[in-house]
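Peer 1: Supplied in structure tokens, the structure appears directly below.
Throughout, read-outs are computed from the coordinates displayed, never taken from laboratory work. Just so you know, these numbers come straight off a predicted model, no measurement behind them. Cβ coordinates were reconstructed from backbone atoms using ideal geometry, including for glycine residues, and neighbour counts include every protein chain displayed.
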């Protein structure tokens, strides 16, 4: 079996759903991961190996913050020319990597390949809809056609949440399969038992923390409210910091001395950092993007059996209300943190939830979809 993944992120980026699932496919499957080109990052334009995964960077369309580039890409002739270049580029990479022919399976998450995918022979195509691509900042309106075209042309569509299943049905794609996110439970539980990292020992307790992308959908105002309302707590942030939010976080840390940004930590050690927290937070904005999401950090927090406080993004979250704290406003979020600090966590329920939503189980579900 040969799998070609058309991704919107780089293979070397923090481990997301795609890396987790693909790396757990059967050992005799060959996998080619087409990464995106990111300015300022290392981009390998020739295939490289990481274990059994071959990955290579492709300059496919994606959200771009630069307004002149967005204006240029809004012109249909420009997009047509670039799609021709992209088609030729992808074909050359497929041949170079040994993934030519029609017996390959396409695993697609990047909607901006939609124009060229019908021209590439394959045995089947799966669209893994991780988020609503139209809800990300700077997404051009013309991308809606790419989203719709990809979803309708796929042989199978997988959605990360039931809300996304409904969203896809609304654009004429009934029958999307719901496969949520997961966690490497053994890895996180093992790291949690390995001891407190040195830099976490320096934090004054209680320690509240967040792990994940600090991106435009991160609620900086909510974090400010938490920092000012619970000044005795240390607030720790872990994960990639987007350029758009860096100035906001720097200004917040100038005002609130109890907020610390510790950067990106090795995935293998992340569980140790999370286990060092007294409360794990999900302070993200309540918007359409988050309503249709399935935050991966929720599973990672549960794996280290720590109290979890999150904003209520969707009605689906009510199913988890017996073992996580769900807030409906900023003030409620602060109150829920205080409650979590005083009551602790229902460790058995958190463990059961995390262990029952492993990445291996998700990969097995995807495998069965690809090879029914």
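Peer 1: If packing is taken as the average count of other Cβ atoms within 10 Å, what order do 301-311, 110-120 fall into, highest mean first?
Peer 2: Sorting 301-311, 110-120 by mean packing, highest first, produces 301-311, 110-120.
Peer 1: Next question. If each residue of separation counts as 0.36 nm, what is the full-extension length gain between residue 367 and residue 347 once their alpha-carbon separation is subtracted?
Peer 2: Between residue 367 and residue 347, full extension yields an extra 4.1 nm.
Peer 1: Tell me whether region 189-276 comes out rounded, prolate or oblate; compute the Cα gyration tensor, take square roots of the eigenvalues as a ≥ b ≥ c, and use a/c under 1.5 as the rounded threshold.
Peer 2: oblate
Peer 1: Here is a further query. Using the beta-carbon distance between residue 95 and residue 155 and R0 = 22 Å, what value does 1/(1 + (r/R0)^6) give for FRET efficiency, to the nearest 0.05?
Peer 2: 0.40
Peer 1: Considering the convex hull of the alpha carbon atoms of region 4-78, report its projected area averaged over all viewing directions, in nm², one decimal.
Peer 2: Value for region 4-78: 6.0 nm².
Peer 1: In whole angstrom, how far apart do the alpha carbon centroids of region 129-203 and region 242-317 sit?
Peer 2: Here the answer is 16 Å between Cα centres.
Peer 1: Per-residue ellipticity at 222 nm for the chain, helices alone: DSSP H runs ≥ 4 residues times -39500 (n - 2.57), over residue total, nearest 500 deg cm²/dmol?
Peer 2: Calculated from helices alone, the mean residue ellipticity at 222 nm is -10500 deg cm²/dmol.
Peer 1: Report, to the nearest 10°, how far helix 220-229 tilts away from the longest principal axis of the Cα atoms in the chain, using its own Cα long axis and a range of 0 to 90°.
Peer 2: That helix lies at roughly 10 degrees to the long axis.
Peer 1: Still on this structure: How high is the FRET efficiency between residue 30 and residue 355 when r is their beta carbon distance and R₀ equals 41 Å, given to the nearest 0.05?
Peer 2: The calculated FRET efficiency here is 0.85.
Peer 1: Tell me the relative contact order for the chain as a rounded percent, counting alpha carbon contacts under 8 Å between residues six or more apart.
Peer 2: It rounds to 15 percent for the chain.
Peer 1: Say each of residue 48 and residue 70 gets a label point 7 Å from the Cα, pointing the same way as Cα to Cβ; how far apart are those two points in nm?
Peer 2: 3.1 nm
Peer 1: Compute the length gained on full extension between residue 261 and residue 202: take 0.36 nm times their separation in residues and subtract their Cα-Cα distance, giving the result in nm to one decimal.
Peer 2: Using 0.36 nm per residue and subtracting the Cα-Cα distance, I get 19.9 nm.
Peer 1: Show me the ranking of peptides 218-231, 95-108 by mean Cβ neighbours inside 10 Å, starting with the highest.
Peer 2: Descending packing order for the listed peptides: 218-231, 95-108.
Peer 1: Quick one: of the DSSP bridges fully inside the chain, what percent are antiparallel, nearest 5?
Peer 2: So the antiparallel bridges in the chain amount to around 10 percent.
Peer 1: Same structure, new question: I'd like the FRET efficiency for residue 145 and residue 166, computed as 1/(1 + (r/R0)^6) with the beta carbon distance as r and R0 of 22 Å, rounded to 0.05.
Peer 2: Calculated value: 0.60.
Peer 1: Classify region 311-368: rounded, prolate or oblate, from the alpha-carbon gyration tensor (a ≥ b ≥ c, eigenvalue square roots; a/c under 1.5 rounded; otherwise prolate if a/b is larger than b/c)?
Peer 2: It is oblate, given that a/c is not under 1.5 and a/b is not larger than b/c.
Peer 1: Right, here's the next one. Which of the three applies to region 185-355, rounded, prolate or oblate, going by the alpha-carbon gyration tensor with a ≥ b ≥ c and a/c under 1.5 meaning rounded?
Peer 2: rounded
Peer 1: Moving on to the next point. For the Cα atoms of the chain, what angle does the longest principal axis make with the long axis of helix 246-255, in degrees from 0 to 90, nearest 10?
Peer 2: Long axis of 246-255 versus the principal axis of the chain: about 0 degrees.
Peer 1: Right, next: Throw me the Rg/Rh for the chain, computed over C-alpha atoms with Kirkwood Rh, two decimals.
Peer 2: 0.97
Peer 1: For the Cα atoms of the chain, what angle does the longest principal axis make with the long axis of helix 359-370, in degrees from 0 to 90, nearest 10?
Peer 2: Compared with the principal axis, the helix lies near 20 degrees.
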